[in-house]
Amino acid sequence: MAEQSSRQSEASQSQPDTVQMADIAARSQRIVSEFLSRQQGGAGMADPSKIGEAFFEMTKRMMADPGKMMQAQANLWQDHMALWQNATQRMMGQETAPAIEPAKGARRFKDSEWDD
């Protein structure tokens, strides 16, 4: 008897999850469809149907040299940790060297507010 009640409870809990997942899937499909229809106007990809092929080609090239891929991931992780360390030190009031310097001649970061 308790086992049957437990099964009914589990079924009633999973049903809303199923309904929610179906709703999320439907909304996601609508959003993607709207995005692709806007892209047909000339902005963005020339042919959205080729995205799978392009992704496959990108993956194939990345996996051609796994060592290079692993090194890039390690560099990304190290840079990310250095950025967080720098930000944390600045929040604690410590003086820190800039995490990165803009290239010479770059005008994007000339405003003094970038230094605050």
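Which ones in the stretch 70-97 are surrounded by fewer than 10 Cβ atoms within 10 Å (Cβ to Cβ) and either part of a loop (DSSP other than H, G, I, E, B) or at pLDDT below 80 (or both)?
Selection gives Met92, Gly93, Gln94, Glu95, Ala97.
Would you point out which residue out of Met62, Met92, Met70 is touching a helix residue (DSSP H, G or I) at 6+ places or on another chain (Cβ under 9 Å) and of a type in the set (A, V, I, L, M, F, W, C)?
One residue alone meets the criteria, Met62.
In this structure, is Gly105 at pLDDT 85 or above and over 20 Å from the mean Cα position of the chain (by Cα)?
Here the answer is no, as Gly105 does not meet what is asked.
The values are calculated or read from the model by the stated rules, or taken from the named source; none is laboratory data. Note that the coordinates shown come from a computational prediction; the quantities given were computed from them, not determined experimentally. Glycine gets a Cβ as well: all are built from the backbone with ideal geometry, and neighbour counts include every protein chain shown.
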